[in-house]
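Input: a single structure, listed below in structure tokens.
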Amino acid sequence: PAIQRGRAYILAHENDATYPLSTKIMALAEMNEKGDKERIQDLLKLMWDNQLDDGLFRYSIDGHNSHLQRGDLSNALFAGLAMRAASQAGVSIKLARWGELAKGALACWGASDGLPRTGGSAEPRGFSYVPHGGKTSSMTVAGVSMLAIVDEQAGDRITGKLRNPVKMGIRGGLAWLEHNFSWTTNVGQGGGYHNFFSVYGIERVGGLLDTPVVANRDWYFEGSRQLLAWQSSGGTWSEKSGH
């Protein structure tokens, strides 16, 4: 009953912002009831209206945070998760759309230090919230997740100029996480902000890449232990920042 009431609510309300559009798509894709594919297609079109030329997504055109004309990796991540959910529900998505998603992630990928690597090791290169910003754990797991989705959905069909950067972005992001791993803080961002976003991102990277180990950690065992230790008696979680 709770699910059906929630479904009725989201169908009764229209949205134009990336976050609600993407989460609505994910919910409908999971339920996948009669008519949901058509609803998802319409929602995808609205969501893609928020995508900019650099591949990133802004909040909205006329609604929430519409004064922010630039896109960011967090909005783009949710758009990518929605596209993946839609595809898994049987909605066809053009190859070019996956290319644009990859372009957005790579726009926030840190610059190379230019030093040669030996032994097959990847250069540690994190991701930032906006292009040329500071690298953080939460955005690095977001960038790796987006590129993993593109690799899963498009693979070698992706345009040649993006194929190698997609794979190198995954490797470089994983290497950065290995060098900057923490369960208790969002590395690169102070104030106790977005640590649970980072923890959730570690789970998402492990699931998308189908690997039991991320940054040399048994992410499922360690992450579960940490989350259970942090849970309040009321069943909720709260970061140091109060969010």
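Give the residues of segment 49-84 that are closer than 20 Å to V166 by Cβ and polar (S, T, N, Q), sorted by residue number.
Selection gives Q51, S74, N75.
Under 9 Å between Cβ atoms, at least 6 apart or on separate chains: pull out the pairs that start in segment 33-58 with a residue that is closer than 21 Å to G90 by Cα and polar (S, T, N, Q) and end on any residue that is open to solvent by 70 Å² or more (accessible area, probe 1.4 Å) and part of a loop (DSSP other than H, G, I, E, B).
Sorted first by the residue in segment 33-58, then by its partner, the pairs are Q41/S92.
Please indicate, with yes or no, whether at least one residue in segment 74-90 is open to solvent by 80 Å² or more (accessible area, probe 1.4 Å), touching a residue at least 24 places away in the same chain (Cβ under 8 Å) and out of contact with any Ser or Thr (no Cβ under 9 Å at 6 or more places or on another chain). Outline the logic, then answer.
Step one: of segment 74-90, the residues open to solvent by 80 Å² or more (accessible area, probe 1.4 Å) are 88.
Next, only the ones that are touching a residue at least 24 places away in the same chain (Cβ under 8 Å) stay: 88.
Checking which are out of contact with any Ser or Thr (no Cβ under 9 Å at 6 or more places or on another chain) leaves us with 88.
Yes, because at least one residue in segment 74-90 is open to solvent by 80 Å² or more (accessible area, probe 1.4 Å), touching a residue at least 24 places away in the same chain (Cβ under 8 Å) and out of contact with any Ser or Thr (no Cβ under 9 Å at 6 or more places or on another chain).
Answer yes or no as to whether I202 is touching a Phe, Trp or Tyr at 6+ places or on another chain (Cβ under 6 Å), touching a residue at least 60 places away in the same chain (Cβ under 8 Å) and among the β-branched types (V, I, T). Steps first, please.
Values: touching a Phe, Trp or Tyr at 6+ places or on another chain (Cβ under 6 Å): yes; touching a residue at least 60 places away in the same chain (Cβ under 8 Å): yes; among the β-branched types (V, I, T): yes.
Yes: the conditions hold for I202.
Quick check on my filter: what residues within segment 94-118 are out of contact with any helix residue (DSSP H, G or I) (no Cβ under 9 Å at 6 or more places or on another chain) and part of a loop (DSSP other than H, G, I, E, B)?
First, pick out the residues of segment 94-118 that are out of contact with any helix residue (DSSP H, G or I) (no Cβ under 9 Å at 6 or more places or on another chain): 94, 96, 111, 113-118.
Selection gives K94, A111, D113, G114, L115, P116, R117, T118.
Counting just the residues of segment 43-73 that are open to solvent by 10 Å² or more (accessible area, probe 1.4 Å), among the polar types (S, T, N, Q) and touching a Phe, Trp or Tyr at 6+ places or on another chain (Cβ under 7 Å), which one comes out nearest to S22 (Cα to Cα)? Full working, then the answer.
Going through segment 43-73, the residues open to solvent by 10 Å² or more (accessible area, probe 1.4 Å) turn out to be 43, 45-46, 48-49, 51-54, 58-59, 61-70.
The next check asks that each one be among the polar types (S, T, N, Q); those that pass are 51, 65-66, 69.
When the remaining residues are screened for being touching a Phe, Trp or Tyr at 6+ places or on another chain (Cβ under 7 Å), the result is 51, 65-66.
Values: Q51: 12, N65: 16, S66: 17 Å.
Top of the filtered list is Q51.
What residue, among those in segment 121-130 that are in contact with a strand residue (DSSP E or B) (Cβ under 9 Å, 6 or more places away or on another chain) and either open to solvent by 30 Å² or more (accessible area, probe 1.4 Å) or in a strand (DSSP E or B) (or both), is nearest to Q69 (Cα to Cα)? So that I can check it myself, show each step before the final result.
Quick first cut of segment 121-130, residues in contact with a strand residue (DSSP E or B) (Cβ under 9 Å, 6 or more places away or on another chain) only: 125-130.
Right, trim to either open to solvent by 30 Å² or more (accessible area, probe 1.4 Å) or in a strand (DSSP E or B) (or both) and you get 125, 127-130.
Values: R125: 26, F127: 20, S128: 17, Y129: 14, V130: 12 Å.
Result: V130.
Can you name every residue in segment 99-120 that is over 13 Å from L44 (Cβ atoms), of a type outside the set (K, R) and either surrounded by 11 or more Cβ atoms within 10 Å (Cβ to Cβ) or in contact (Cβ under 8 Å) with a residue 24 or more places away in the chain (or both)? Before you say what the answer is, go through the steps one by one.
Going through segment 99-120, the residues over 13 Å from L44 (Cβ atoms) turn out to be 99, 102-120.
Those left that are additionally of a type outside the set (K, R): 99, 102, 104-116, 118-120.
Within segment 99-120, G99, A102, G104, A105, L106, A107, C108, W109, G110 meet the criteria.
State whether one or more residues within segment 210-230 are out of contact with any Leu (no Cβ under 7 Å at 6 or more places or on another chain) and touching a residue at least 60 places away in the same chain (Cβ under 8 Å).
Looking for residues that are out of contact with any Leu (no Cβ under 7 Å at 6 or more places or on another chain) and touching a residue at least 60 places away in the same chain (Cβ under 8 Å), one finds none in segment 210-230, hence no.
Before we move on, is K94 closer than 18 Å to W48 by Cα, open to solvent by 40 Å² or more (accessible area, probe 1.4 Å), at pLDDT 95 or above and not polar (S, T, N, Q)? Before you say what the answer is, go through the steps one by one.
Working: closer than 18 Å to W48 by Cα: yes; open to solvent by 40 Å² or more (accessible area, probe 1.4 Å): yes; at pLDDT 95 or above: yes; not polar (S, T, N, Q): yes.
It is true that K94 is closer than 18 Å to W48 by Cα, open to solvent by 40 Å² or more (accessible area, probe 1.4 Å), at pLDDT 95 or above and not polar (S, T, N, Q).
Could you tell me how many of the residues in segment 143-161 are surrounded by fewer than 19 Cβ atoms within 10 Å (Cβ to Cβ) and free of Cβ contacts under 8 Å to residues at least 60 places away in the same chain? Before you say what the answer is, go through the steps one by one.
Taking segment 143-161 as the starting set, the residues that turn out to be surrounded by fewer than 19 Cβ atoms within 10 Å (Cβ to Cβ) are 152, 155-157, 159-161.
From the residues that got through so far, the ones that are free of Cβ contacts under 8 Å to residues at least 60 places away in the same chain too are 155-156, 160-161.
Counting residues in segment 143-161 that are surrounded by fewer than 19 Cβ atoms within 10 Å (Cβ to Cβ) and free of Cβ contacts under 8 Å to residues at least 60 places away in the same chain gives 4.
Given (1) of a type in the set (S, T, N, Q); (2) surrounded by 14 or more Cβ atoms within 10 Å (Cβ to Cβ); (3) within 18 Å of the chain's Cα centre (by Cα); (4) over 18 Å from A105 (Cβ atoms), identify the lone condition not met by T211.
Single failed check for T211: (2).
The values are calculated or read from the model by the stated rules, or taken from the named source; none is laboratory data. A quick note: this is a predicted structure, and the numbers were derived from the prediction, not measured. Note that each Cβ is placed from the backbone with ideal geometry, even for glycine, and that neighbours are counted across all protein chains shown. With ligands, DNA and RNA removed, areas are computed over all heavy atoms of the protein, side chains included. Shrake-Rupley method; radii C 1.70, N 1.55, O 1.52, S 1.80 Å.
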